[in-house]
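Here is the structure we will look at, set down as structure tokens.
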Amino acid sequence: MTQRAVTDTESAIAERARNVLPAGGFGNVTFDIVIREGRGGRAWDESGNEYLDFLLGSGPMLVGHAHPDVTAAVQEQVSKGSTFFVNNEAGIQLAEAIVDAMACAEKVRFLSSGSEATFYAMRVARAHRQRGKIMKFEGGFHGMNDYALMSMAPVRPGNFPQATADTAGIPDSVSDEILIAPFNDAATAVSLIYEHQDDLAGVIVEPLQRMIPPEPGFLEALREVTQELDMALIFDEVVTGFRFAYGGAQELYGVTPDLCALGKVIGGGYPLSAVAGREEFMKYFDAGEVGAENAVKQIGTLSGNPVAAAAGLATLEILKQPGTFEHLFATGQRFMDGLTSLIGKHSVRGQVRGVPPMFDILFTDVDVKDYRGASQSNGAKLKVFNEQVLAGGLLKGDNKFYVSTAHTIDDIDEALVICDAALAAVGKA
Ligand SMILES: Cc1ncc(COP(=O)(O)O)c(C=O)c1O
């Protein structure tokens, strides 16, 4: 395992970052690396160190960095201008592709980030049912808006359905607008929904919450009760859209929500997100149809940006090629299986959770079904593991490996050699 060496050039850039950026960074990752470039499933830092990249820009780069088709599409669009504020054909084509792919999608409204997409999906839910409260699940992550950052990572989880804010700066009153339920506990969630039906506008859920897959029947139970009460069911597919299947988690799990939030993959590495959903809900974006007093206001300077739309369209074209998802699932599965064997080899308490395009190790042997189970994961061991793989030349998120369609079986085997050494260190820690 080659250890990362930092040149004076990279140290100097990092130092400049500390002068102008709070905590010396963009706020996204815990480590201090300046990335120079990426190609396919690999990236290089300013010191010239090469990494197997399983961070993938936190998910958007599903087809790998600088894919020639995506680069060509972007270059072609950029030469014609970058943004216009009015409709452009690339954006319209991308909306058509989303409608074709996602079972729930009849209409699409573009935004720029995943946090915006969940924010507006919740606003639409409120406009439809004319109620204020939203149910979310403990440990569920829906980005950074005030309604999303509730009981995402509570240090001392309280009683359901009381929400606690995850960050400073949110007005106290917001926590009264969010009800928290335990993920994968259909009975509790459904009974809370009935109990609060007079105040609830909708339910938002990550179909696979962080690394925890839904138990059979859980998403179906949410679908049934929300349908019965004419309450929006929102799938946050910012991560899962076009990744778990071309049609997202709603295709993989066979449950169709009313609305979904999309981001990451659909922008092909550029800032673009969307709310997509059934006409009955999406109509609230159309004041002409529902009347100004009932309409959801939404304007965004870069919404439907043509460069991002061209990148997204090129990305979706690649994903549509026969065998792409088979390859992604085969390489991801090999990685997951390899990690499971290494956990056994080094007698580490742990388990690999997630699905082949996205997974991580939880350092616990409890059967993890929800946030409280996942909280049993040994954070100190994860930290050692993450530091060791990084030093060995593997980039990953704090809690996630993302696999790209550009990764080969050889890349996975190389990654497993790095993880072998890292898990040996975890075993001794
Ligand atoms: C499930 C989920 N929803 C929403 C978001 C927020 O997306 P963005 O970072 O584009 O605001 C994320 C980001 O990782 C996410 O994982």
Exercise. Quick one: in segment 257-285, which of the residues that are over 13 Å from the mean Cα position of the chain (by Cα) and assigned to a loop (DSSP other than H, G, I, E, B) is nearest to the ligand (Cβ to nearest atom)?
Worked result: P271
Problem set entry | Test: Y246 is assigned to a helix (DSSP H, G or I) and of a type in the set (S, T, Y) | no
For this session: Could you tell me which residue of segment 136-182 is farthest from D198 (Cα to Cα), considering only residues that are of a type in the set (F, W, Y) and within 13 Å of the ligand (Cβ to nearest atom)?
Result: F141
For this session: May I ask you to verify whether L222 is within 11 Å of the ligand (Cβ to nearest atom) and among the aliphatic types (A, V, I, L, M)?
Result: no
For this session: Report, ordered by the first and then the second residue, all pairs with beta carbons closer than 6 Å, sequence separation of six or more or different chains, a first member in segment 135-146 that is under 17 Å from E116 (Cβ atoms) and in the same structural domain as A186 (by TED's automatic domain parsing), and a second member that is near the ligand (Cβ under 8 Å from one of its atoms) and of a type outside the set (D, E, K, R).
Result: H142/T118; H142/A148; G143/G114; G143/S115; G143/T118; M144/S115; N145/S115
For this session: With respect to V86, determine if the residue is part of a helix (DSSP H, G or I) and among the aliphatic types (A, V, I, L, M).
Result: no
Problem set entry | Residue satisfying condition, being buried (at least 20 other Cβ atoms within 10 Å of the Cβ), closer than 26 Å to F160 by Cβ and not assigned by TED's automatic domain parsing to the domain that holds S58, within set A105, A125, A101, A97 | A125
For this session: Could you check, for segment 353-370, whether at least one of its residues is modelled with pLDDT of 95 or more and part of a helix (DSSP H, G or I)?
Result: no
Exercise. How do the pairs read when you match residues in segment 107-119 that are near the ligand (Cβ under 9 Å from one of its atoms) with residues anywhere that are assigned to a helix (DSSP H, G or I), using Cβ under 6 Å and keeping only pairs 6 or more apart or on different chains?
Worked result: none
Problem set entry | Failed item, numbered, when N294 is tested on (1) within 13 Å of A103 (Cβ to Cβ); (2) exposed (fewer than 15 other Cβ atoms within 10 Å of the Cβ); (3) touching a residue at least 24 places away in the same chain (Cβ under 8 Å); (4) of a type outside the set (V, I, T) | (1)
Seminar exercise, completed: The condition from (1) within 15 Å of the ligand (Cβ to nearest atom); (2) hydrophobic (A, V, I, L, M, F, W, C); (3) closer than 23 Å to F359 by Cβ that A245 misses is numbered (1)
For this session: Scan segment 400-415 residue by residue and report those that are over 11 Å from F54 (Cβ atoms) and either surrounded by fewer than 16 Cβ atoms within 10 Å (Cβ to Cβ) or over 20 Å from the mean Cα position of the chain (by Cα) (or both).
Result: T408, I409, D410, D413, E414
Exercise. When you scan segment 101-214 for strands (runs of 3 or more DSSP E) that lie fully inside it, which ones turn up with 3 or more residues that are closer than 15 Å to A232 by Cβ?
Worked result: 133-137, 200-205
Exercise. Out of curiosity, is A72 modelled with pLDDT of 95 or more, within 23 Å of G269 (Cα to Cα) and assigned to a helix (DSSP H, G or I)?
Worked result: yes
Problem set entry | Number of the condition not met by A330 [criteria: (1) crowded, with 18+ Cβ neighbours inside 10 Å; (2) out of contact with any strand residue (DSSP E or B) (no Cβ under 6 Å at 6 or more places or on another chain)] | (1)
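The rows are residues; the columns are (1) assigned to a strand (DSSP E or B); (2) surrounded by fewer than 16 Cβ atoms within 10 Å (Cβ to Cβ); (3) away from the ligand (no atom under 16 Å from the Cβ).
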position	(1), (2), (3)
F26	no, yes, no
F31	no, yes, yes
R36	yes, yes, yes
R39	yes, yes, yes
G48	no, yes, yes
D53	yes, no, yes
G57	no, no, no
P60	no, no, no
Exercise. How many of the residues in segment 99-131 are more than 21 Å from the chain's Cα centre (by Cα) and among the polar types (S, T, N, Q)?
Worked result: 1
Exercise. Regarding F235, is this residue within 13 Å of the ligand (Cβ to nearest atom), in contact (Cβ under 8 Å) with a residue 40 or more places away in the chain and crowded, with 24+ Cβ neighbours inside 10 Å?
Worked result: yes
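The values are calculated or read from the model by the stated rules, or taken from the named source; none is laboratory data. These numbers come from a predicted model, not from an experiment. When we count neighbours, we look across all protein chains shown, and the Cβ atoms used for this are built from the backbone with ideal geometry, even at glycine.
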